[in-house]
Amino acid sequence: MESSRWKRAVRGLLNNIKMSSPILLGVLLLIGLINTLVPKEFFSRIFTGNNALDPLIGAVFGSIAAGNPLTSYLIGGELLISGVSLVAVLAFIVSWVTIGTVQLPAESLMLGRKFALLRNGISFLMAIAIAVLTVLISGLFG
Amino acid sequence: MKNPLKKIGANWLFLIAVALLYLFLGLWNLQIVVSALEVFLVLLKKMLPILGVVFALVFLSNLFLNPKIVSRYLGKGSNIRGWPVAIVAGILSMGPIYLWYPLLGELKAKGMRDALIAVFLYNRAVKIPLIPMMIYYFGLRVVVIVTGLMILFSIGNGLIVERLVRKEGKTGA
């Protein structure tokens, strides 16, 4: 009884590795490609200075970008210094860390297509809402 | 006649598609592919220890968790107690988001709620070790507000995703 439980657990693990390894390798390869094709300086050129449009631009490019959140903070910090609005930078970093366009195929395959599309779509809208609310609330204290 | 693509499996098809993308790009510009592969190898080396932890958790979940237990703490029967569990687990989990899909897929099969999976994934964006870096760039006030809002919005995210997935499921059926 006990040994069959172990056998079942090992079999489950092997099935999981077999199922997820190609997906994880594919995602890592895609991230490698995006990091190579999109230089970090690219992000400073995409903002327009328009307060209504820039948060949307920030959220769109934050969603597409892939990589360590630390990179998003570094880029966000540099964008702020170069004069991009706080609301646009926040939309950029919140969407960077909450949305995974590159990982979407992997999320769809392992958690369901509907779930992945809805979760990322709603997270996109929420990134803009969080950015706007943060700036508004911060303004109240300040 | 059986569709040979179905036999291969969507996971392998995805990897083959990415490999083909590399192949075509390599024909056009080999240097891009070499640089991308270098980034890939650096990432892979960094991810392997975390992946080891994730697969260890998958093994332990297969060993100790059954649908009844998952349902009690993270399923429909978990009521209010599932939310803090998903939030804290999401915040404390390490590594990139996609490394956690295998474990979440396993827990979903055992009965974990879609809402709590979404909450876990959303809270992975809250990185405690990186907060000092955020404060350096954006200031304490902004970091406290944005972090609080992200945790709060994660609950809304979970509820909306679950409701819409269920609704879509019903209309799709």
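The values are calculated or read from the model by the stated rules, or taken from the named source; none is laboratory data. Small disclaimer: the values here were computed from a predicted structure and weren't measured. Methodologically, a virtual Cβ is constructed for each residue, glycine included, from the backbone with ideal geometry; neighbour enumeration extends over all protein chains shown.
Annotation: A:GLY100 fulfils all but one of (1) at the interface with chain B (Cβ under 9 Å from one of its Cβ atoms); (2) modelled with pLDDT of 95 or more; (3) under 24 Å from A:PHE43 (Cα atoms); the unmet one is (2). Evaluate the range B:60-69: report whether one residue or more is closer than 22 Å to B:ARG124 by Cα, in a helix (DSSP H, G or I), modelled with pLDDT of 85 or more and within 14 Å of chain A (Cβ to nearest Cβ). Yes, the range B:60-69 has at least one match. Taking (1) closer than 16 Å to A:VAL38 by Cα; (2) within 8 Å of chain B (Cβ to nearest Cβ); (3) of a type in the set (Gly, Ala, Ser); (4) in contact (Cβ under 8 Å) with a residue 40 or more places away in the chain in turn, A:ALA106 satisfies each apart from (1).
Considering the range A:119-130 alone, what residues qualify as being more than 8 Å from chain B (Cβ to nearest Cβ), buried (at least 18 other Cβ atoms within 10 Å of the Cβ) and among the small types (Gly, Ala, Ser)? A:ALA127, the sole residue that qualifies. Meeting the requirement of 2 or more residues that are surrounded by fewer than 17 Cβ atoms within 10 Å (Cβ to Cβ) and within 14 Å of the chain's Cα centre (by Cα), the helices (runs of 4 or more DSSP H) wholly within the range A:1-118 are A:69-81.
Candidates in the range B:70-88 are the residues that are at pLDDT below 90 and among the aliphatic types (A, V, I, L, M); of these, the one that is nearest to the chain's Cα centre (by Cα) is B:LEU74. Residues that are more than 9 Å from every other protein chain (Cβ to nearest Cβ) and among the charged types (D, E, K, R): which helices (runs of 4 or more DSSP H) entirely in the range B:105-173 hold 3 or more of them? Here the list reads B:140-172. For the range B:1-46, the candidate set comprises residues that are within 7 Å of chain A (Cβ to nearest Cβ) and under 11 Å from A:LEU28 (Cα atoms); within that set, the residue that is surrounded by the most Cβ atoms within 10 Å (Cβ to Cβ) is B:ALA36.
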